[in-house]
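S.K.: To start, I am sharing the structure in question, which I have written as structure tokens.
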Amino acid sequence: MASGSSIGVGGLFVNAEVTTSGRPVLRRNEVECFLLSSVDFDSEDDPPRFTALKSGNLILTTHRLIWIPSEPNGAVPSSIPLAAVTHIFSHKKSIKSMFHSPRIRFQADPGSIVVTIVFRGKGDFDCFLTKFWECWRGRAWDEEDKSETETSRSGGSATVAQGLYGNDGTVRMVGLAGILRKEQEQWESTDKSLQDAFQDLNALMSKAKEMVSLAEKMRQKLLSAPSSQNSSTDDEEMGSKEEMQQWMLSVGIISPVTKESAGALYHQELSRQLADFVRIPLEQAGGMISLTDMYYHFNRARGTELISPDDLWQACTLWEKFDVPVMLRKFDSGVMVIQNKSHSDEEVMSRIRMLVTKTEALRAGVTASDAALTLKIAPAMAKEHLLTAETKGLLCRDMSPDGLRFYFNLFPEIDLTNLHIVKDFGTYGEWVKATSILSV
């Protein structure tokens, strides 16, 4: 969805870009401050000067008021820049207000339109109003405009500020190869920024916000790169992509969801943010990662805003309610993992079959470490797949002092009416040849 198109009278509302899980895509240096559910936007004028927005989640950031519909009712995610707000009316409590939903009125350009925010759900209304005043008076967008002006004068850093997105929200360069070429130019500018920053601690702190913002922009570009083009890239490009993914995981989340900002919607919004974050770790882990590993990665990215294991569990279980490309899975052994919905057990079983039918594997079997190298996943996850293959009748296990090994299941190929006849064809025949070589 383009983030630059306007709706409503005089362009009051601007379409807000959201992720696949329904989370808002934040702009450079933009931070979430508060979130409330069941919020309406109404016009005070008669006739109304814009179409009312009904029953959505309202997210207050340092730059915008973002409204996202709670249900797919045809409405589109919309936002009002705080820079357009010219006045916030004082909230006066009266006997009449005790019997009505809390409301906030403010005036915005163009056209000095008076907008009423109606809060029909639960939440700390007074705290939201305080945050609204703070963000509006803070004018964080003025600092950004000043930074962009200084960047444009410096010349070389202009590419970093603009990124890959044009003013209309479209991607300037398409495809992984194009992104990598563009980012090579950005890395040169970033390297210069890092050299300047590390001259002394004060310079480093002044550059910190710029570095985190740059990391968030690169993460969005990496996620937006079409996966269908992976097959056309060479080893050097894939290596660069993997290095960039590792760097993204070490930087963190620019605006983590907190209980203070999300209130009653904390677990819902945490679930959406986790669904967006998990894509890079999943891609690195081969489409499946344990819940404990994800707990480490997610908390590391959140920095000081750590979550509990129970919070992570609740966030994962809420994925069933959202249309997200990831899911929570529990193996028969009790191990909990996160995996892509596109992950195919049949494909994994096929690769395991190819592994265990090799001559060496027919003779000596395979371990979880052997399967991990083939499947490009962690040994713990590989063991779960081997146990699943055993359950399906593909493998047999052997417990010995050397540990647990798995062999191809030859019993279905044995003819019960001719137990003593040696077959010289099929996988059984290959096994006979492999063991014969060992005996010689």
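The values are calculated or read from the model by the stated rules, or taken from the named source; none is laboratory data. All values reported here derive from a predicted model rather than from experimental measurement. Glycine also receives a Cβ, built like all others from the backbone with ideal geometry; neighbour counts cover every protein chain displayed. Ligands, DNA and RNA are excluded from the accessible area calculation, which covers all protein heavy atoms including side chains. Shrake-Rupley method; radii C 1.70, N 1.55, O 1.52, S 1.80 Å.
S.K.: Express in whole angstrom the spacing between the alpha-carbon centres of region 260-299 and region 33-72.
M.R.: 27 Å
S.K.: Each label point is 7 Å from the Cα along the Cα-to-Cβ direction; what then is the distance between the points at residue 436 and residue 341, in nm?
M.R.: Placing both labels 7 Å along Cα→Cβ, they lie 5.2 nm apart.
S.K.: Using modelled backbone amide H atoms (1.01 Å from N, in-plane), which distant-in-sequence or interchain residues come within less than 5 Å of residue 18's amide H?
M.R.: The answer is 25.
S.K.: Something else now. Residue by residue through region 392-406, what is 3J(HN,Hα) from phi via Karplus (6.51 cos²θ - 1.76 cosθ + 1.60, θ = phi - 60°)? Round to whole Hz and write x for glycine and proline.
M.R.: Along region 392-406, the couplings run 7, x, 7, 10, 10, 9, 9, 9, 9, x, 7, x, 8, 10, 10 Hz.
S.K.: Determine ³J(HN,Hα), in whole Hz, for all residues of region 130-143 in sequence, where each value follows from phi through the Karplus function 6.51 cos²θ - 1.76 cosθ + 1.60 and θ = phi - 60°; x replaces Gly and Pro.
M.R.: For region 130-143, the Karplus curve yields 5, 5, 4, 4, 4, 5, 5, 6, x, 6, 4, 5, 5, 5 Hz.
S.K.: Ok, one more. Please compare each pair in 358/383; 259/341; 358/392; 259/376; 92/131 to a cut-off of 25 Å on the Cα-Cα distance and tell me which ones are over it.
M.R.: On the way: 358/383 19 Å; 259/341 29 Å; 358/392 20 Å; 259/376 37 Å; 92/131 17 Å.
Flagged as over cut-off: 259/341; 259/376.
S.K.: When the Karplus curve 6.51 cos²θ - 1.76 cosθ + 1.60 is applied with θ = phi - 60°, which whole-Hz ³J(HN,Hα) does each residue of region 261-277 get, with x for Gly and Pro?
M.R.: Per-residue couplings from phi come out as 7, 8, x, 5, 8, 4, 5, 5, 6, 4, 4, 5, 5, 5, 4, 6, 5 Hz.
S.K.: Follow-up. Give the residue from 367, 322, 396 lying farthest towards the positive end of the charge dipole for region 272-414; charges sit on Cβ (+1 for Lys and Arg, -1 for Asp and Glu) and the dipole is referred to the Cα centre.
M.R.: About the Cα centre, the residue reaching furthest to the positive side is 367.
S.K.: List the residues, sorted by chain then number, that are 5 or more residues from residue 343 or on another chain and whose placed amide H is less than 5 Å from its amide H.
M.R.: Under 5 Å from the amide H of residue 343: no residue qualifies.
S.K.: Something else about it: In square angstrom, what is the accessible area per residue of region 309-440 with a 1.4 angstrom probe?
M.R.: Values: 7960 Å² over 132 residues.
For region 309-440, the per-residue accessible area is 60 Å².
S.K.: Taking H as built 1.01 Å from N, whose amide H comes closer than 5 Å to the amide H of residue 65, not counting residues under 5 places away?
M.R.: Sorted by chain and number, the residues that satisfy this are 80, 82.
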